[in-house]
Ligand code: MN
């Protein structure tokens, strides 16, 4: 096969304990999936889950023991961190039932849904798509994927992020409005999930701005943490 332009490289994420990597197909993100974060964004209560996507090449790998670097993005003056549990899909499917959903999970990772909040807010006000606020280049840092069998008790794991060593977000995965299995059920009713899909499951309360020079360190108990510097 030959191509008229150079085909893009396969985006991939390291897997803890394996030399083979996880190839990224799509990045799905869940909006407002922790009650206290929904409230801080001006919403209340449990609404059906909703989704947006980031391009696969928005991934920035923050490998174990290293500090990854992301550039401060263009067009924004309000870059926000959102620490999230990421689910890596190993087996695809449509209309997956919640009771079967965890058999589709390859593993878990710690991710950051970096957000140009000012642009997202403008788009919300105008009823326009969030892409420019959410799906920009380098907007999806992620740590290594831990295979599910080696991960800790993820449904009850602490999740947190510090900026320059100071707590910003600290919660627990048990506070997800739509848990991992329910999220997969809803998502797979709308799209056919494929091996290689990543799901950023939403962020708890405490989102806030970072500026050039800040270092974010985040984690989920039972998974390899991440460190990302804003260059
Ligand atoms: Mn998010």
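The values are calculated or read from the model by the stated rules, or taken from the named source; none is laboratory data. Quick caveat: nothing in here was measured; it's all calculated off a predicted structure. Don't worry about glycine lacking a Cβ; one is built from the backbone with ideal geometry, like all the others, and counts go over all protein chains shown.
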Taking only the range 33-50 into account, find how many residues are farther than 20 Å from residue 110 by Cβ and either surrounded by 18 or more Cβ atoms within 10 Å (Cβ to Cβ) or within 16 Å of the ligand (Cβ to nearest atom) (or both). 10
Answer yes if at least one residue in the range 77-89 is surrounded by 20 or more Cβ atoms within 10 Å (Cβ to Cβ), under 16 Å from residue 194 (Cβ atoms) and within 15 Å of the ligand (Cβ to nearest atom), and no otherwise. yes
From the option list 152, 127, single residue qualifying as at pLDDT below 95, farther than 20 Å from residue 212 by Cα and surrounded by fewer than 24 Cβ atoms within 10 Å (Cβ to Cβ) is 152
What about residue 205, is it in a loop (DSSP other than H, G, I, E, B), in contact with a helix residue (DSSP H, G or I) (Cβ under 7 Å, 6 or more places away or on another chain) and within 17 Å of residue 31 (Cα to Cα)? yes
The residue from 181, 227 that alone is under 22 Å from residue 26 (Cα atoms) and either more than 16 Å from the ligand (Cβ to nearest atom) or assigned to a loop (DSSP other than H, G, I, E, B) (or both) is 181
Checking the structure you have, find out if any residue of the range 150-169 is farther than 21 Å from residue 79 by Cα, within 13 Å of the ligand (Cβ to nearest atom) and touching a residue at least 60 places away in the same chain (Cβ under 8 Å). no
Lone qualifier among 145, 184 - being more than 23 Å from residue 231 (Cβ to Cβ) and either touching a helix residue (DSSP H, G or I) at 6+ places or on another chain (Cβ under 7 Å) or surrounded by fewer than 19 Cβ atoms within 10 Å (Cβ to Cβ) (or both): 184
Counting only residues that are in a strand (DSSP E or B) and either within 19 Å of residue 91 (Cβ to Cβ) or without any contact (Cβ under 8 Å) to a residue 12 or more places away in the chain (or both), which one in the range 22-32 is farthest from the ligand (Cβ to nearest atom)? 23
Complete set of residues in the range 117-156 that are under 28 Å from residue 91 (Cβ atoms) and assigned to a loop (DSSP other than H, G, I, E, B): 135, 139, 143, 144, 151, 152, 153
Can you report the number of residues in the range 192-205 which are within 15 Å of the ligand (Cβ to nearest atom), under 14 Å from the mean Cα position of the chain (by Cα) and at negative phi? 6
Restricting to the range 103-124, count the residues that are out of contact with any helix residue (DSSP H, G or I) (no Cβ under 9 Å at 6 or more places or on another chain) and buried (at least 17 other Cβ atoms within 10 Å of the Cβ). 4
Matching residues in the range 206-217 (more than 12 Å from the ligand (Cβ to nearest atom) and either closer than 14 Å to residue 40 by Cα or surrounded by 15 or more Cβ atoms within 10 Å (Cβ to Cβ) (or both)) number 8
Any residue in the range 1-21 that is part of a loop (DSSP other than H, G, I, E, B) and within 16 Å of the ligand (Cβ to nearest atom)? no
How about the range 62-116: which of its residues are assigned to a helix (DSSP H, G or I) and in contact (Cβ under 8 Å) with a residue 24 or more places away in the chain? 98, 99, 101, 102, 104
